[in-house]
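I have placed the structure first, in the form of structure tokens, so that the comments after it can refer back to it.
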Amino acid sequence: LIADVSSIVKEALELFEPYANKKRVKLSASVEGNILVKADPSAINRVVNNLIENAIKFSDEAAPISIKLYKD
């Protein structure tokens, strides 16, 4: 299986934007396109969602959260 991590991260950011706004947390992101990995897309989706949700949940109000995805 191939997972498009770039798309997964972008979709998760859109999904959690209302939650971040409710907590007054500032989300910023820099996501490079076309980052593909051999992995189960649903598993990658769960991991990404969990990371973003926890970052928002455990951040102080008005805290900045920066998400970056790029090839190295």
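Annotations
- Taking each residue of the range 33-58 that is open to solvent by less than 60 Å² (accessible area, probe 1.4 Å) and looking for partners that are hydroxyl-bearing (Ser, Thr, Tyr) with beta-carbon atoms closer than 8 Å, six or more apart or interchain, yields Gly33/Ser6; Ile35/Ser6; Ile35/Tyr70; Ile56/Tyr19.
- Test: residue in the range 40-60 that is of a type in the set (Lys, Arg) and closer than 16 Å to Ser6 by Cα: yes
- Scanning the range 1-34 for residues that are closer than 20 Å to Asp72 by Cβ and of a type in the set (D, E, K, R) gives Asp4, Lys10, Glu32.
- Entry remark, the range 59-72: residues being touching a residue at least 40 places away in the same chain (Cβ under 8 Å) and open to solvent by 70 Å² or more (accessible area, probe 1.4 Å) number 1 in total.
- Picking from residues in the range 1-32 that are exposed (fewer than 13 other Cβ atoms within 10 Å of the Cβ) and small (Gly, Ala, Ser), the one that is nearest to Lys68 (Cα to Cα) is Ser30.
The values are calculated or read from the model by the stated rules, or taken from the named source; none is laboratory data. Note that the structure is a prediction, hence the values are computed from the model and not measured. Backbone-built Cβ (ideal geometry, glycine too); neighbour counts: all protein chains shown. We work out accessible area using only protein heavy atoms, side chains counted, and drop any ligands, DNA or RNA first. Shrake-Rupley method; radii C 1.70, N 1.55, O 1.52, S 1.80 Å.
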